[in-house]
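Below is one structure, written out as structure tokens; the observations come after it.
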Amino acid sequence: MLVPPPEVRIPPRDAVEKAVLELERRLGPSKVDTSEAGRTAFDRDDSEAIGRPSDAVVLAHSRDDVAAVLAIADKHGVPVTPRAGGTGRTGGAVPVAGGIVLATHLMSQIVDIDRRDLVAVVQPGLVTGDLHAAVEAEGLFYPPDPNSLASCMIGGNIAENAGGPRAFKYGTTREYVLGLEACLMGGPVIRSGRRTVKGVTGYDITALLVGSEGTLGVFTEATLRLVPKPPEVATILALFSTLGACGAAVSAIVVP
Ligand SMILES: Cc1cc2nc3c(=O)[nH]c(=O)nc-3n(C[C@H](O)[C@H](O)[C@H](O)COP(=O)(O)OP(=O)(O)OC[C@H]3O[C@@H](n4cnc5c(N)ncnc54)[C@H](O)[C@@H]3O)c2cc1C
């Protein structure tokens with residue numbers, strides 16, 4: 001189905017030009033791409049959504065870059081569309097009113113993998129499959145496994161609360177995000193959540209941010225829960241003559 005772009009306010013030309021100029025001065029021209037080819041490369045995702053071409057793509061290298069973009073965009077009233085791997089199927093990474101596409105794929109560091117605390121601290125542009133490989137090399141396991149894991153990224157997974165085949169057993173991304181660092185429109189940086197499995201005090205801002213599809217803030221770091229790597233993984237193909245028998249078999253496996 002072709003999704004028509006929603007009705008949105010298009011920023012005035014002079015506001016966009018001032019914002020782009022200020023971004024180039026603050027971040028350096030190499031991080032701000034206004035070329036036709038550069039903008040086109042980041043204007044679609046894996047949905048059929050067609051938006052309004054962006055005016056500039058910013059290639060963020062750090063939290064400070066992200067905060068600067070959100071501060072300058074807010075000052076000039078220019079919209080920002082965060083982007084990770086661009087594999088989304090809901091059109092979330094497609095700009096609908098032009099403005100700035102904020103590409104986070106260069107923020108792809110693994111900051112920490114802690115075997116004792118069973119956590120990984122990562123940047124949002126880390127490819128999900130690369131996180132799997134890194135933690136599994138340590139005997140650990142990060143269950144969320146969207147089928148796009150070779151090219152989707154942790155920031156996009158969190159923004160979409162992505163699931164995958166393992167979601168039935170382990171749950172979706174939401175169950176593995178312990179804490180987030182995020183920049184809000186205007187540039188302030190917040191930290192939500194915790195590093196421990198238990199954390200019961202205060203508002204659950206992390207839960208609000210997970211699944212927010214880039215509308216509340218831009219994640220710049222995530223603290224993720226890990227579990228021990230399963231000793232064996234097996235795939236079984238079973239054939240059933242009725243849907244009911246198939247469902248009953250699933251229930252019998254879950255509760256023998
Ligand atoms: C072949 C294929 C298989 C797929 N399989 C699955 C599956 O099994 N399960 C599933 O749930 N999905 C699946 N998807 C959909 C998609 O891959 C997931 O939704 C994935 O989580 C999107 O990640 P991404 O890095 O590509 O994000 P993008 O498409 O770049 O962005 C997705 C959303 O996240 C926002 N965003 C990106 N980075 C940030 C950030 N740093 N801070 C805040 N917001 C941000 C964007 O604005 C956008 O709204 C599949 C897609 C494909 C093409």
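Please treat every number below as a calculation from the coordinates, not as lab data. The structure presented is a predicted model; accordingly, all values stated were derived computationally and were not measured. All Cβ positions, glycine included, derive from the backbone under ideal geometry; neighbour counts span all protein chains shown.
A search for C-beta distances below 6 Å between a residue of segment 179-196 that is more than 13 Å from Ala68 (Cβ to Cβ) and free of Cβ contacts under 8 Å to residues at least 24 places away in the same chain and any residue that is of a type in the set (Val, Ile, Thr) and surrounded by 14 or more Cβ atoms within 10 Å (Cβ to Cβ), counting only pairs 6+ apart in sequence or on different chains, returns Ser192/Ile205; Ser192/Thr206.
Filtering segment 219-256 to residues that are in contact with a Leu (Cβ under 6 Å, 6 or more places away or on another chain) and within 16 Å of the ligand (Cβ to nearest atom) leaves Phe219, Ala222, Thr223. Scanning segment 173-209 for residues that are of a type outside the set (A, V, I, L, M) and surrounded by 20 or more Cβ atoms within 10 Å (Cβ to Cβ) yields a count of 8. Is segment 237-245 home to any residue that is in contact with a Gly (Cβ under 9 Å, 6 or more places away or on another chain) and outside any loop (DSSP other than H, G, I, E, B)? The answer is no; no qualifying residue exists. Of all the numbered requirements in (1) within 17 Å of the chain's Cα centre (by Cα); (2) on the phi > 0 side of the Ramachandran plot, Gly186 misses one, and that requirement is (1).
Please indicate, with yes or no, whether at least one residue in segment 21-28 is in contact with a Ser or Thr (Cβ under 9 Å, 6 or more places away or on another chain) and within 19 Å of Val127 (Cβ to Cβ). No; the residues of segment 21-28 include none that is in contact with a Ser or Thr (Cβ under 9 Å, 6 or more places away or on another chain) and within 19 Å of Val127 (Cβ to Cβ). Looking across segment 203-242, the residues that are closer than 17 Å to Gly156 by Cβ and among the acidic types (Asp, Glu) come down to Glu213, Glu221. Given the condition within 19 Å of Gly155 (Cβ to Cβ) and surrounded by 12 or more Cβ atoms within 10 Å (Cβ to Cβ), answer yes or no: does some residue in segment 243-255 qualify? No, segment 243-255 contains no residue that is within 19 Å of Gly155 (Cβ to Cβ) and surrounded by 12 or more Cβ atoms within 10 Å (Cβ to Cβ). Checking the structure you have, find out if any residue of segment 114-137 is surrounded by fewer than 19 Cβ atoms within 10 Å (Cβ to Cβ), over 30 Å from Arg13 (Cα atoms) and within 12 Å of the chain's Cα centre (by Cα). So far as segment 114-137 goes, no, none of its residues is surrounded by fewer than 19 Cβ atoms within 10 Å (Cβ to Cβ), over 30 Å from Arg13 (Cα atoms) and within 12 Å of the chain's Cα centre (by Cα).
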